[in-house]
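Here is the structure we will look at, set down as structure tokens.
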6 protein chains.
Amino acid sequence: MSTLLPQEPLQQDPRVKAVFDDIRATRETDFVNNIWRYLAFDADLLERTWAEVKSVMATPSELDPLTKEMLYLAVSIANSCNYCIHSHSAACKARGMTTTQHAEVLKIVSLAAKTNHLCNAMAVPVDSVFMLDENESATS
Amino acid sequence: MSTLLPQEPLQQDPRVKAVFDDIRATRETDFVNNIWRYLAFDADLLERTWAEVKSVMATPSELDPLTKEMLYLAVSIANSCNYCIHSHSAACKARGMTTTQHAEVLKIVSLAAKTNHLCNAMAVPVDSVFMLDENESATS
Amino acid sequence: MSTLLPQEPLQQDPRVKAVFDDIRATRETDFVNNIWRYLAFDADLLERTWAEVKSVMATPSELDPLTKEMLYLAVSIANSCNYCIHSHSAACKARGMTTTQHAEVLKIVSLAAKTNHLCNAMAVPVDSVFMLDENESATS
Amino acid sequence: MSTLLPQEPLQQDPRVKAVFDDIRATRETDFVNNIWRYLAFDADLLERTWAEVKSVMATPSELDPLTKEMLYLAVSIANSCNYCIHSHSAACKARGMTTTQHAEVLKIVSLAAKTNHLCNAMAVPVDSVFMLDENESATS
Amino acid sequence: MSTLLPQEPLQQDPRVKAVFDDIRATRETDFVNNIWRYLAFDADLLERTWAEVKSVMATPSELDPLTKEMLYLAVSIANSCNYCIHSHSAACKARGMTTTQHAEVLKIVSLAAKTNHLCNAMAVPVDSVFMLDENESATS
Amino acid sequence: MSTLLPQEPLQQDPRVKAVFDDIRATRETDFVNNIWRYLAFDADLLERTWAEVKSVMATPSELDPLTKEMLYLAVSIANSCNYCIHSHSAACKARGMTTTQHAEVLKIVSLAAKTNHLCNAMAVPVDSVFMLDENESATS
């Protein structure tokens, strides 16, 4: 049902092969999920997207891996991306999200959606204390 | 610039007053931000919304308070709610979000938006390993 | 194709069973549609969601039941929720929506989407007569 | 704050003038709100948009005028169009929407947003009874 | 999986038949894709939608046909419309979009989504040089 | 009205200064618009975002610069990003977009939004001829 053909004989393009090898090495699994097979129709797009995902999501940082995956999932739900909802729900579980935590993420996401619509509907003015640039001047 | 009038003489409706008192007690501050002043045009809507926010966001749970606020912020960004973006950016900072963590949230949110659009554009089929109900049968 | 398993042997959790019994009694049918089977993975989430749907949608109020379902459908279309589009299209028909009215809802929803994009594209400033809080002061 | 200039000396283009005259005659008021002043930068776009708004919103039909305005408002909230939220909140009030009904619209819109996010998050499969084309064959 | 039945025995309604004949003549093909079969449940909705699509997309204008289809595709991706993503990806290819151009469209769409989320997240104020109505006065 | 402080004394961080210098050199102007001043709170986020914008938008490619800016604008309208709508409307004009072309972009964007909502509302099934992976097998 797609608009592009997944690229299977990946060995043919060395740039594509290099990305797939790095995905497998980084994730320590032979499995490469579909987004990468579809992005492989353009080596440049594939390389850039993987480089960003690897840097942001698969590199140790101040936020722990589960928190990062839950944030990714939350945005994907709000943006109605069925593929990312599935892949990042799975990633959350792989990083230890419990069923109770899954329910909690859904409660927060759906409550945020609710108040997002309420605030937009009422056009609530932003409180001045929330506006940084009216309260301070940049000093860095 | 709003579509409703904020309710100021809040003492007049005891249900509204009770919610405002509970907001102040729960948050340990006299400050009540604008969303509650605008929702106060309908006591029932105000009561229900606060009850849900209090239960989901202001009650100890498996997720820590900062993670919850960051999830709320992520959804608000994706849903383009300017008011909630401001109030929950402030809430994240009040709960200890560092500037580096703020940058990290923005990196994750914007990367998710990017791949959300890519997956929808290519109509990437969901990998079967991500589809729970095709892999297991319910046993609870 | 889901990210959670529907809960079938519902008798096991009395809180889940109570909600299902109430859905059946309120709607006067044995049929319980899928959203409730999936929400049942977390009794608290199920209870809260049903309580809100029952209160807002299944309790007599100033707006008639068909108007309420049509509003629900309109939002679900704008938010690209395929499940809710289906369930609330069916609910509208069950409450008497004619084919002509269905066409009318689609005309309004798609026209609104069109002018929503036009106004955002041009950044049309809001007319001062539409801004309540600039025209009056709160007196309630 | 706009991306286009509103067209003031409207008399200069007879097509623009004709649309403004028709807006005033149809609405029985001299006031022409900003969307039309901004669309007037292109007579064709102005003519087509007004013709559609007039036909769908200002012509008697099976749905009553207030229901139509509430549907328009609901979509505008979901699509985050601040201009349309303001103009159609005002239109709803002009057609008799009470404060209680306004609160009810907000409750429905925000509840729909909530379950829209929940269903997308869980990828709830559509119940077969909601799928028309699997249940019947076209006979018209 | 639809909420409406496609209309097959199209000969029955002369208005529907006339639209289908015009689609076939305009596009020089016997194939009529599904959106028109589903819109045919209401002759008025069908007529208006086709008239607009024909005027905007199938009539020579300042923008070339491929650019127009790519713009249509870009919006459909951002709005998560799976049907339009498929039909307009096909239309782009039929108008000569190369694989490299397809990749380029995806890069632009996903980069725009990324900075859209970043700007909303930071609430970046619009530079005054971008605000037309503050820089000039209307003179047309 | 922002959630972050713009960074003014940019000389202090050599990475930030290098990006600003490159923006000025690439665009051949001293003017640096606000998005870069706000992103400068995190040098890494600033560097990556500019690198991507420069590569995708400011490097010669198969699509001409105006087409690329119009695609960027179209997505920004659909995603309700007021900042990007302003900056890319200005960029389109700087690259030669005429008023008639501006009107054409708005007609296409708003028509796409309209049929996006119609197709989602009716859940129109994708025609099999539009599904690449059902028609061919990958051969690259």
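With charges only on Cβ, +1 for K and R and -1 for D and E, what is the dipole size of the protein assembly as shown about its Cα centre, in debye, rounded to 20?
Rounded to the nearest 20 debye, it is 0 debye.
Quick check of the Kirkwood formula: for region D:26-102, what is the inverse mean of 1/r over all pairs of different Cα atoms, in Å?
13.5 Å
Mind checking C:39-46 for the average number of partner chain beta-carbons within 10 Å of each residue's beta-carbon?
Taking the mean over all residues of the peptide, I get 5.
Filter the cross-link list E:68/E:93; C:114/F:93; E:54/F:107; A:68/D:107; C:17/C:93 down to pairs whose alpha-carbon distance in this structure exceeds 21 Å.
From E:68/E:93; C:114/F:93; E:54/F:107; A:68/D:107; C:17/C:93, over 21 Å: C:114/F:93; A:68/D:107; C:17/C:93.
Please order B:28, A:62, C:47 by the number of other Cβ within 10 Å, starting at the fewest.
Final ranking by Cβ density, sparse to dense: B:28, A:62, C:47.
Sort region D:62-121 into rounded, prolate or oblate with this rule: let a ≥ b ≥ c be the square roots of the eigenvalues of the Cα gyration tensor; rounded if a/c is under 1.5, and if a/c is not under 1.5, prolate when a/b is larger than b/c, oblate otherwise.
Prolate shape, in that a/c is at least 1.5 and a/b is the bigger ratio.
Quote the relative contact order of region D:35-109 in percent (integer), defining contacts as alpha-carbon pairs under 8 Å separated by 6+ residues.
Computed over region D:35-109, the figure is 24 percent.
Would you mind listing the distances between the residue B:131 label point and the same position in each other copy? Use 7 Å along Cα-to-C-beta, nm, one decimal, shortest first.
Computed spacing set for this position: 1.1, 1.1, 5.0, 5.1, 5.2 nm.
Among the residues of chain E, which one places its Cβ closest to the rotation axis that maps chain E onto chain F, and what is that distance in whole Å?
Of all Cβ atoms in chain E, the one nearest the axis gives E:78, 2.
Once you have a ≥ b ≥ c as the square roots of the Cα gyration tensor eigenvalues for region D:48-88, tell me rounded if a/c is under 1.5, and otherwise prolate or oblate according to whether a/b is larger than b/c.
Oblate shape, in that a/c is at least 1.5 and b/c is the bigger or equal ratio.
For region A:1-71, what does the alpha-carbon gyration tensor say about shape, rounded, prolate or oblate, given a ≥ b ≥ c as the root eigenvalues, a/c under 1.5 as rounded, and a/b over b/c as prolate?
prolate
State, as an integer percentage, the relative contact order of chain D based on alpha-carbon contacts under 8 Å between residues 6 or more apart.
Relative contact order here is 15 percent.
Strictly under 4.7 angstrom between C-beta atoms: which cysteines of chain D have no such partner?
D:92, D:119
How far apart are the residue A:28 label points across copies, placing each 7 Å from Cα toward Cβ, in nm, shortest first?
Ordered by increasing distance: 4.1, 5.3, 6.0, 6.0, 7.6 nm.
Please check: in the Gaussian network model of chain F (C-alpha springs, under 10 Å), which one of F:14, F:65, F:125 has the largest mean-square fluctuation.
Maximum fluctuation in the GNM of chain F, among the listed residues, is at F:125.
For the residue pair residue B:25 and residue D:62, what label-to-label distance in nm results when each label sits 7 Å from Cα along the Cα-to-beta-carbon direction?
5.2 nm
Please compute, for peptide F:56-66, the average count of beta-carbon atoms on other protein chains lying within 10 Å of each residue's beta-carbon.
3
Residues in region B:88-104 near a label at residue F:13, defined as backbone nitrogen under 12 Å from the 7 Å Cα→Cβ point?
B:99-104
Do me a favour and compute the ellipsoid semi-axes for chain D from its Cα gyration tensor, root of five times each eigenvalue, largest one first, whole Å.
The equivalent ellipsoid of chain D has semi-axes of 35, 20, 17 Å.
Region D:1-60 to region F:31-110: how many Å between their Cα centroids?
29 Å
Just rank B:86, D:102, fewest to most, by other beta-carbon atoms within 10 angstrom.
D:102, B:86
Rg/Rh for the protein assembly as shown to two decimals, with Rh computed the Kirkwood way over all alpha-carbon pairs.
0.94
Taking a point 7 Å out from Cα toward Cβ as the label site, list the nm distances between residue F:95 and the same residue in every other copy, smallest first.
1.6, 3.5, 4.1, 4.1, 4.7
Bear in mind these aren't lab numbers, they're just calculated from the coordinates by the rules spelled out. Everything numeric in this text was worked out from a predicted model, so none of it was measured. We place every Cβ from the backbone using ideal geometry, glycine too, and count neighbours over all the protein chains shown.
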